[in-house]
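Colleague: Take a look at this one; I'll ask things after.
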Amino acid sequence: LHDGPIVSGHCKDELWGVAPSPTKREYATAGDDGTLRIWDIATKTQKKENGFKNIGGMARAVTYDPTGSLVAVAFGGSVGKGRQKCDGEFAVYDANTLNQLHKGKDSKEWTQVIKFSPDGKTLALGSHDNNIYLYDCKKNFKLRAKFTKHNSYITHLDFSADSQFLASNCGAYELLFSDVFTGNQIGSAS
């Protein structure tokens, strides 16, 4: 018998998704093993209650909403295995229970980045189809707009402090700006 602590963690291929909670001393991880895990910062262990969820597919990114009550996960990816059934999907979970609240898919390719706006009204997904999908959180994550001006897969994105604009990078090293509500490109950072 083993008297020490039980070690728990991700167990297959790669781990890409890591996000700190904005309100609690915890963080979330999501990886290729198809799990979402919540970790306690103080104890450096996986939370005992509702700290683990089998989400059913490879995951590449995870984020909390500004209130810390929701966790969103972007699915898909490839580790030499070709396309995945979950490529392009995203899901939103209750951060306390890890119950799935919404699942959607508009992209045909896997998503590498996911982020809520500072006001919590928009969820943005950056995809390997070169597009950014902008969802209305207040309307059950309905697709509001799509930004289509990048020439390569989306690597990073960030909202302005007022949640009206998005700055994004892609695999072609472009830095582009867009309107969060229309998906229209904005020509300059000013």
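Colleague: Identify which of the listed values of Rg and Dmax of the Cα atoms in Å was calculated from the structure shown: [x] 16.7, 64; [y] 17.3, 58; [z] 16.3, 48.
Modeller: The calculated read-out lines up with [x].
Colleague: Excluding ligands, DNA and RNA, what is the solvent-accessible area per residue of the chain at a probe of 1.4 Å, expressed in Å²?
Modeller: 51
Colleague: Also, quick follow-up: Roughly speaking, to the nearest percent, how much of the stretch 56-190's 1.4 Å accessible area is carbon and sulfur?
Modeller: Exposed carbon and sulfur together represent 47 percent of the surface.
Colleague: At a probe radius of 1.4 Å, what is the per-residue accessible area of D106, in Å² to the nearest 10?
Modeller: 70
Colleague: Loop sites only, by DSSP: take the trypsin sites (Lys or Arg not before Pro) in the chain that have at most 11 other C-beta atoms within 10 Å and name the longest stretch containing none of them.
Modeller: 86-190
Colleague: Note down the nm distance, to one decimal, between modelled labels 7 Å out along Cα→Cβ at S160 and at T67.
Modeller: 2.5
Colleague: Take A189 and N140, extend 7 Å from each Cα along the Cα→Cβ direction, and tell me the distance between the two endpoints in nm.
Modeller: If labels sit at A189 and N140, their model points lie 4.0 nm apart.
Colleague: For the pairs K85/K108; K85/K115; K47/K139; K85/K105; K53/K121; K115/K139, note any where the Cα-Cα span goes beyond 19 Å.
Modeller: K85/K115; K47/K139; K53/K121, as the Cα separations exceed 19 Å there.
The values are calculated or read from the model by the stated rules, or taken from the named source; none is laboratory data. Because the structure is a prediction, the values reported are computed rather than measured. A quick note on method: Cβ atoms are made from the backbone with ideal geometry, for glycine too, and the neighbour counts reach across all protein chains shown. All accessible areas refer to the heavy atoms of the entire protein, side chains included, with ligands and DNA or RNA removed. Shrake-Rupley method; radii C 1.70, N 1.55, O 1.52, S 1.80 Å.
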